[in-house]
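A quick write-up on the structure given underneath.
The values are calculated or read from the model by the stated rules, or taken from the named source; none is laboratory data. In this text the structure is predicted, and so the values were computed from the model without any measurement. Don't worry about glycine lacking a Cβ; one is built from the backbone with ideal geometry, like all the others, and counts go over all protein chains shown. We work out accessible area using only protein heavy atoms, side chains counted, and drop any ligands, DNA or RNA first. Shrake-Rupley method; radii C 1.70, N 1.55, O 1.52, S 1.80 Å.
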Amino acid sequence: MKFHIITLFPEAFDSYLTESIIGRAIKEKRIQVTFTNPRMFVSGKYKKVWPDGNVSRVVDDKPYGGGPGMIIRAEPVLKAVESVTKKIAKRKNAKIKIVNFSPSGEKFTTAYAKTSAKKYTDIIMLCGRYEGIDARVAKILKAQDVSIGDYVLTGGELPAMVLIDSISRQIPGVLGKFESLEEERISSSEFYTRPEVLEYKNKKHRVPKVLLSGDPKKIDEWKNRAKKE
Ligand code: SAM
């Protein structure tokens, strides 16, 4: 699976993608993550070369109809996506999905992650910033609006990391043997480890007795209950 991130802030991904399961998946080439910055595709009056050689590239502009925030212009985003799709097109049988992050999009779920891992070879993700990306981009690219929850974030970079993480877990070989089992077996949202009796501020906190019983059936029943509660 190849994830192609269209973002103004590629550095925001650095530490997360080098750690733990995802870092290992990238090293082992089970997944690949590429970054394309729309700023590199700014041209015309939005690009200025200063006498000292510095170049400023402006990706945003004021919203039509008024409003406080700035909008990322369509042109640099479309050109950035085009540069990615051109490379993908060199591979035969590539199946591309384009996701546009939006707080009001379709809610991202594990079921969505599972389907995406099976159906696509390449997922292009458009990370908005400011008020978002000019709405014509999603329409032209037939991108699907996707939300990771009912709250507003500053940008699409965290949602992109959420999708990379969750979809990667569904790709064969990404999870090690132990973590795979973890996905399959009954797992509750309540966990305990040593010590059996935890003393904290003069109070004793015990591990539920059933977990010490050694009876797998009873333990599974308890875990199922703990999951529902
Ligand atoms: N008023 C804008 C809207 O309703 O779309 C909010 C823009 S938000 C400040 C900037 C960008 O962050 C969005 O364009 C989107 O890419 C991303 N974003 C924010 N919250 C999100 C969420 N819950 N799920 C997915 N993307 C989100």
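Here are some conditions: (1) within 29 Å of VAL59 (Cα to Cα); (2) without any contact (Cβ under 8 Å) to a residue 60 or more places away in the chain; (3) touching a strand residue (DSSP E or B) at 6+ places or on another chain (Cβ under 8 Å). ILE5 meets all but one. Which one does it not meet?
With (1) within 29 Å of VAL59 (Cα to Cα); (2) without any contact (Cβ under 8 Å) to a residue 60 or more places away in the chain; (3) touching a strand residue (DSSP E or B) at 6+ places or on another chain (Cβ under 8 Å) applied to ILE5, the lone miss is (2).
Modelled with pLDDT of 90 or more and touching a helix residue (DSSP H, G or I) at 6+ places or on another chain (Cβ under 8 Å), is that true of TYR200? Before you say what the answer is, go through the steps one by one.
On the way: modelled with pLDDT of 90 or more: yes; touching a helix residue (DSSP H, G or I) at 6+ places or on another chain (Cβ under 8 Å): no.
Criteria not met by TYR200.
If we scan the stretch 93-101, do we find a residue that is among the basic types (Lys, Arg), within 14 Å of the ligand (Cβ to nearest atom) and under 17 Å from ALA160 (Cβ atoms)?
At the first step, the residues of the stretch 93-101 found to be among the basic types (Lys, Arg) are 95, 97.
Going one step further and asking which of them are within 14 Å of the ligand (Cβ to nearest atom), we end up with none.
Looking for residues that are among the basic types (Lys, Arg), within 14 Å of the ligand (Cβ to nearest atom) and under 17 Å from ALA160 (Cβ atoms), one finds none in the stretch 93-101, hence no.
If only one of GLY23, GLY53, GLY67 is out of contact with any Gly (no Cβ under 9 Å at 6 or more places or on another chain), at pLDDT below 95 and either in a loop (DSSP other than H, G, I, E, B) or of a type outside the set (S, T, N, Q) (or both), which one is it? If you could, list the steps in order and put the result at the bottom.
Details: GLY23 fails: at pLDDT below 95; GLY53 fails: at pLDDT below 95.
Only one candidate qualifies: GLY67.
For every residue, the table says whether it meets (1) modelled with pLDDT under 75; (2) open to solvent by less than 100 Å² (accessible area, probe 1.4 Å).
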residue	(1), (2)
SER180	yes, yes
GLU183	yes, yes
PHE191	no, no
VAL210	no, yes
GLU221	no, yes
ARG225	no, no
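Anything in the stretch 152-170 that is touching a strand residue (DSSP E or B) at 6+ places or on another chain (Cβ under 7 Å) and either surrounded by fewer than 21 Cβ atoms within 10 Å (Cβ to Cβ) or of a type in the set (Ser, Thr, Tyr) (or both)? List them, or say none.
Hit for the stretch 152-170 is VAL152, nothing else.
Need pairs with beta-carbon distance below 6 Å; first residue closer than 15 Å to PRO195 by Cβ and within the stretch 205-229, second β-branched (Val, Ile, Thr) and surrounded by fewer than 11 Cβ atoms within 10 Å (Cβ to Cβ); sequence gap 6+ or separate chains.
ARG206/VAL197
Out of (1) in contact with a Cys (Cβ under 7 Å, 6 or more places away or on another chain); (2) in a strand (DSSP E or B), the odd one out for GLY155 is which?
Among (1) in contact with a Cys (Cβ under 7 Å, 6 or more places away or on another chain); (2) in a strand (DSSP E or B), GLY155 violates only (2).
Of everything in the stretch 103-143 that's part of a strand (DSSP E or B) and either touching a helix residue (DSSP H, G or I) at 6+ places or on another chain (Cβ under 8 Å) or more than 13 Å from the ligand (Cβ to nearest atom) (or both), which residue is most open to solvent (accessible area, probe 1.4 Å)?
GLU106
In the stretch 26-48, how many residues are assigned to a strand (DSSP E or B) and loosely packed, with under 13 Cβ neighbours inside 10 Å?
Residues of the stretch 26-48 assigned to a strand (DSSP E or B): 32-36, 47-48.
After this cut, where a residue has to be loosely packed, with under 13 Cβ neighbours inside 10 Å as well, the list is 32, 48.
The total comes to 2.
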